[in-house]
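Asks: Here it is: the structure, laid out below.
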Amino acid sequence: MALAALCWGLSGGIGGILTGEGWDPVVVSFYRGLIGFLFVLGWLALRPRGSGLASGRLWFWSVIAGAGVAGNFTFYLMSIAEGSVAVAATLMYCAPVFVYLVSFTLKLEKPTLLKWAAIAMVMVGIVLLTGIYEAGTGAVTPLAAGAGLLSGLSYAVFIFGFKYAAPHGSPQAILVIAFAVLAALLFGLGDAGQTAAVLGAASWPLFVVLGVVGAGLSFILYIVGLKHTAPAVASVVAMVEPVTASLFGFVVLDESLAARQILGMGLILLTVTALSVHTSARNEALAPAPLAR
């Protein structure tokens, strides 16, 4: 679990390097997903039993999960390109808040005072982190903040898709379909010239490392680790991702944050983690937790 979170954190920094070199976030996300597809396809080939590929429901929810992860990868890199790795990673970490809001709307989750208080605290953290109250002078542009929040919303879509696909097949089958959908969507949306140029570019090794670390090994490690880790523990370990991404941005990309932004980041990370731990502990007491991040 920790290794998976570490890989995701590093992938944000690597993506930041590539977008800083002028590569389109859509193209970078396409190659990240394509390499991830090859990894999970190999995993499915090694463990094909119980794949559920004949199930229409598996395909339906896996396609939704694929659209979610495509948006997550792309908006995350857009936020990094327009802002910083630390801000993008922290805003994406707000995904559980979007899950709750959608669950409230669909009446899948009962609203409580504690949950609304946690959501309000996260909103305060976002305001501090992005500086949106400083009209025209904030450290984070509206595009960077919007893309970061959309990456979290997209990840929430992936969570729902994966959760509802899980009863109908194996995790590797779900991920194969999801990454195939991602590759198909982003190949059509990306710049064709840049997509072809990657194959002969000097930075192609970074694309490979990003795909292996950010989509191949990381997802496999996470799924395997989740089978042997309590959801409450997994929620805490997940904090490794935004912390690693922030450190990468600070040390390698020479990014910096104001004291107010650090306060906002801490508020978001601690509140979301506490909310996830509380929910996971409650779910463990009621029933076995589903196989989903």
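Here, each number is a calculation from the coordinates, and none is a lab measurement. All values reported here derive from a predicted model rather than from experimental measurement. Glycine gets a Cβ as well: all are built from the backbone with ideal geometry, and neighbour counts include every protein chain shown.
Asks: Once you put a point 7 Å from the Cα of residue 143 and another 7 Å from the Cα of residue 57, both along the Cβ direction, what distance in nm separates them?
Replies: It is 4.3 nm.
Asks: List 155, 100, 76 from most exposed to least, where exposure is judged by having the fewest other Cβ atoms within 10 Å.
Replies: 100, 155, 76
Asks: Determine by what factor the alpha-carbon radius of gyration of the chain differs from 2.2 N^0.38 Å, reporting the quotient. Kindly include the intermediate steps, with their values, before the conclusion.
Replies: Values: Rg = 18.3 Å, N = 293, 2.2 N^0.38 = 19.0 Å.
Cα Rg divided by the expected 2.2 N^0.38 Å: 0.96.
Asks: What is the order of 1, 265, fewest Cβ neighbours within 10 Å to most?
Replies: Numbers: 1 20, 265 24.
The fewest-first ordering by Cβ neighbours comes to 1, 265.
Asks: OK, next. Taking the Cβ of residue 206 as the center, what net charge do the other residues with Cβ under 11 Å away carry, scoring Lys and Arg +1 and Asp and Glu -1?
Replies: Working: positive: 32; negative: 21.
So the environment of residue 206 carries a net charge of 0.
Asks: I would also like to ask the following. Based on other C-beta atoms within 10 Å, arrange 7, 94 from fewest to most. If you can, show how the numbers build up before the last one.
Replies: On the way: 7 22, 94 26.
Final ranking by Cβ density, sparse to dense: 7, 94.
Asks: Once you wrap a convex hull around the alpha carbon atoms of the range 16-142, what is its projected area averaged over all directions, in nm²?
Replies: Working: hull surface 43.5 nm².
About 10.9 nm², averaged over all directions.
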